[in-house]
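Peer 1: So that we are looking at the same thing, I have put the structure below in structure tokens.
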Amino acid sequence: MTETVQERILCPVCGGPIKIDQQDKVNRCEYCASPVLGPSQSRNCVTHPDILAKEVCHVCGDLVCEDCIQKRVGEYGGKLLTIVNCDKPTCIAESDWAKPLNEEYQKLANMDWADRIDNLILRITGLGAIIMMVFELIFFIGVMFYQFLTPWSIPDISIGALGPLIMIPVAILLLNILGNLMSAILLQSALQVYVHERQMGAGITLLVILIIEVAHLLFRGLFFGLLTFPNPIFLPLMLGAFLFGTILVFVGSLMAIYIGNKKRVQLKETQEKLHLSIKP
Amino acid sequence: MPENDGYTILDRPWGLRMIGVTQMAFGIFGLLATIGLLFATLTGAFATVGYLYSLVLFGGVAVPCLFIGNYVDDLRRWAVIAQIIYSAIAVGLSGYLLYVNGLSYNWTIPLFDFSIELAIGNVAAFIAITQTLIMFYLLIRWQAVAPAPGTIVERDKSRARLIEAGLMPSPLEPALLAPDGTTTLTPDEEQKIMDIRKVITEEGMAILCSNCNGATSLTKVEDNNTVPCDYCGVILGVGSVFVPCLNHEEYLAATTCNVCGEHFCRQCLTVQEPPVDEKWQGSAVYLCKKCFEGRYRPAVTTASLVIPIDQLFSIAGGRFSKVGQMYSSFLSAYANGMKHLWRIPLQLLKSVGKSGGGGNDNAAGVLVMIVIIIIAIPILAGILMILGAIIIIPILFYAGLIAVTVEAAKIISGTDFESVDNARVKSIHAHRKPKVKESKLRPSVRVWDDEFRQASLEHQRIKLRHDEERRQREERRRKQQQAASFWRTEND
């Protein structure tokens, strides 16, 4: 192959140039370093010539089958990435800095089964929490609007020398800001149900915050005297949204607790089976 | 433009922006004054010399201030130099005026049936102070405000934002390559290929082209392990192993996900900046969707290694601290503003007491002025304070909460995964490199800092040079010893 032709070969991953340095070994893309077959390289394992290769040794560049590989997890600038080496002593020695992958543990602790349900839980709790957050934001503005721009007012409140002129805005601000903060915490917890390790804890946290949030809303409703609210649409609409959000978060948190517990049991059984004392 | 080597308009210091706005304000006042003066002269309220004054005002204040003010905050070296020269001239002239006529120098300016007493001395002092500050600021912050000659500055804000955010690492320009793999096609040729290309084949497993994304059957792989793309004609290398994509059996896997090690096609991989590590050779790191979302945990024999997902929701959570920082900066700026606002009436009051030469003795006017100073300005300050407390702070608070909500909506919609395949098509259509998308569910990969890379390369080069020099020295010493021993032997 002439040099001119060689320069034209593009990486099938990124489109970067491939310089053919080796005819019977993999050559790497000059940009992304992805391996590409050499012009006269066989696609089979170097040790088992009748078996199609599955991986490339990151040290020597040989193609190897599943029987000849070792998978390792190496730390690159704080990130854990998977690398593969063949079973040649030199390649094993060169890869010694990376930790061998415990494939048996990997298999037993695999949580792929939960991918779909976790996606569903994330979306249910997330949507519910977003609805509650939006509810709180609108509720705040709504109460401010009706208090200061319409004849309706919450009941007079006085504490000592501080009369209703000061105490009404203060009470509205404080109670609603508290509601906003709680809905923000709810939102943060709702998103964490997607993390395997935090799923059960996030589910329990969600339930607790949900109970407090509902109680806080009921208290605000009674304290502000919302039963005498003049607008016949605003309050039912807001309550409907809040109820919908509450149901979503409630269902999502129960699901998170159930699935999170299943994962916890799976990990515990795996560790017992493999006699692992430390949680990997 | 090399994105990492140039400046963007977003690098502009805040002070430079303020200078631009101030100069523009001077320019607008100059323009208004010119029009007023011209009008007064035309209507006969001012002597003929008014034409000359208006011309001086227009050419000396309005035009240069508007022109320089428009360019000085765009990180332009020549505009900064022009601003310094202009400020120096303005300081010189206003200083001279103050020296000759003093601070209490006033002009009586006719306005319809009235006349206005303009404290030109005060105006000159204001100009002198402002322009001195501007001049000093520009000189002190010279390195930050005046890019070195030849430096490219991206002034388009949307493009600057794109550069600041980072681009998906890719060696390809946002245009389709011609079959030679180096030149780019014309837009018409490009469109033709994009219209006819197909992403599936009827001849079994296919390889996806990294240039046009078209699918070419593996039956067309040549003996030298390359395959010409059926649509754009570029020659593609064939991925090292013949393994189908884990999600799409109809495609040959392009490469492996660098996190979990599974094989995927271009439709299932996204690309990010590589980790900052000398061990890593490539300029990109590929991730499948699962790893992009941070749901893969490698099981290793020791407990010390886990996927670093501790800061999983720091992006959304960070909004709170950002809002907190905004509160803090706002409150300190607000407190500073208030301090000056209270100082102004006191100073004005003081200056009214001093007014004399050239001024009038209108006691009623002075009283009105005092009333304005004592009542109006504090009321204005009070209103601003109330606005600050009641409107601005809740708005900031709300902005923070809305930002968190939007961030959460993005996370649950899960649309941030952008495959290399999609990114390529988008970049061809938009003729713009795609923006990098970091996972919201996984801590972002640290950007490979060019300085770090250059420093490490330089370090390697120096080390190699030292090794080579050491080797040469040792070689020379060995030869000298051999020569010496040879001559000794000869002499002996």
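The values are calculated or read from the model by the stated rules, or taken from the named source; none is laboratory data. Predicted, not measured: the structure shown is a model, and the values here were computed from it. Cβ sites come from the backbone with ideal geometry, for glycine too, and all protein chains shown count toward neighbours. For accessibility, only protein heavy atoms count, side chains too; no ligands or nucleic acids. Shrake-Rupley method; radii C 1.70, N 1.55, O 1.52, S 1.80 Å.
Peer 1: Where the Cα atoms of region A:1-123 are projected onto their three principal axes, how long is each span, largest first, in whole Å?
Peer 2: Principal-axis extents of the Cα atoms in region A:1-123, largest first: 56, 38, 33 Å.
Peer 1: While we're on this one: Return the average number of partner chain Cβ atoms within 10 angstrom of each residue Cβ along peptide A:23-33. Provide the component values of the computation, followed by the final result.
Peer 2: Values: counts 2, 0, 1, 5, 3, 4, 8, 3, 7, 14, 8.
The mean count of partner-chain Cβ atoms within 10 Å per residue comes to 5.
Peer 1: With a 1.4 Å probe and every protein chain left in place, work out the accessible area per residue of region A:49-101 in Å², rounded to a whole number.
Peer 2: Details: 2270 Å² over 53 residues.
With the other protein chains kept in place, region A:49-101 gives 43 Å² per residue.
Peer 1: Something else about it: Excluding ligands, DNA and RNA, what is the accessible area buried between chains B and A, summed over both sides, using a 1.4 Å probe, to the nearest 100 Å²? Before the final figure, lay out each step's value.
Peer 2: Numbers: alone 30860 and 16950 Å², together 40850 Å².
Summed over both sides, the interface buries about 7000 Å².
Peer 1: Express the relative contact order of chain A as a whole percentage, based on alpha carbon pairs under 8 Å and six or more residues apart in sequence.
Peer 2: Values: 360 pairs, mean separation 40.3, N = 280.
That works out to 14 percent.
Peer 1: While we're here: Over 15 Å, how big is the tail of the calculated P(r) for region A:139-223, in percent of all Cα pairs?
Peer 2: Values: 2295 of 3570 pairs.
I get 64 percent for the Cα pairs in region A:139-223 exceeding 15 Å.
Peer 1: Once you have all Cα-Cα distances for region B:66-128, histogram them in 10 Å bins from zero and send the whole-percent values.
Peer 2: 21, 32, 28, 17, 2
Peer 1: Pop the C-beta distance of B:Glu469 and B:Thr182 into the FRET formula with R0 = 30 Å and round what comes out to the nearest 0.05. Write down the numbers at each step before the final one.
Peer 2: Numbers: r = 38 Å, r/R0 = 1.28.
For R0 = 30 Å, the calculated efficiency reads 0.20.
Peer 1: Which order do peptides A:232-239, B:172-179 fall in by mean Cβ count within 10 Å, highest first?
Peer 2: Working: A:232-239: 13.4, B:172-179: 18.5.
Result, highest mean first: B:172-179, A:232-239.
Peer 1: Taking every pair of Cα atoms in region B:1-165, average 1/r, invert it to obtain the Kirkwood radius, and report Rg/Rh to two decimals.
Peer 2: 1.09
Peer 1: More than 25 angstrom separation, counting every C-alpha pair in chain A; what % is that?
Peer 2: Working: 26027 of 39060 pairs.
Tail fraction, whole percent: 67.
Peer 1: Over the Cα atoms of region A:49-101, what is the Rg over Rh ratio if Rh follows Kirkwood?
Peer 2: Numbers: Rg = 11.1 Å, Rh = 11.2 Å.
Rg divided by Rh gives 0.99.
Peer 1: How large is the accessible surface per residue of region A:149-280, computed with a 1.4 Å probe and reported in Å² as a whole number? Walk me through the numbers before you get to the answer.
Peer 2: Working: 7010 Å² over 132 residues.
On a per-residue basis, 53 Å².
Peer 1: Mind listing, in residue-number order, the residues in region B:222-268 that have at least 50 Å² less accessible area with every protein chain present than in their own chain alone (1.4 Å probe)?
Peer 2: Residues of region B:222-268 that lose at least 50 Å² of accessible area once the other chains are added: B:Asn224, B:Asn225, B:Ile235, B:Gly237, B:Ser240, B:Val241, B:Phe242.
Peer 1: For region A:112-273, rounded, prolate or oblate, judged on the Cα gyration tensor with a ≥ b ≥ c (square roots of eigenvalues), a/c < 1.5 rounded, else prolate if a/b > b/c?
Peer 2: Details: a/c = 3.84, a/b = 2.56, b/c = 1.50.
Here region A:112-273 falls in the prolate category.
Peer 1: Once phi is turned into ³J(HN,Hα) by the Karplus curve 6.51 cos²θ - 1.76 cosθ + 1.60 with θ = phi - 60°, what whole-Hz value does each residue of region A:79-96 show in order, with x for glycine and proline?
Peer 2: Per-residue couplings from phi come out as 10, 8, 10, 8, 10, 10, 10, 7, 8, 6, x, 5, 5, 5, 5, 5, 9, 4 Hz.
Peer 1: I would also like to ask the following. Using the structure shown, select from A:Lys88/B:Lys433; A:Lys25/B:Lys426; A:Lys79/B:Lys410; B:Lys220/B:Lys435; A:Lys79/A:Lys273 the pairs with a Cα to Cα distance greater than 32 angstrom. List each step's numbers first, then the result.
Peer 2: On the way: A:Lys88/B:Lys433 42 Å; A:Lys25/B:Lys426 34 Å; A:Lys79/B:Lys410 24 Å; B:Lys220/B:Lys435 34 Å; A:Lys79/A:Lys273 29 Å.
Result: A:Lys88/B:Lys433; A:Lys25/B:Lys426; B:Lys220/B:Lys435 exceed 32 Å.
Peer 1: Which residues belonging to region A:102-119 lose at least 10 Å² of 1.4 Å-probe accessible area when the assembly is complete, relative to their chain isolated?
Peer 2: Residues passing the criterion (a loss of at least 10 Å², heavy atoms only) are A:Asn102, A:Tyr105, A:Gln106, A:Asp112, A:Asp115.
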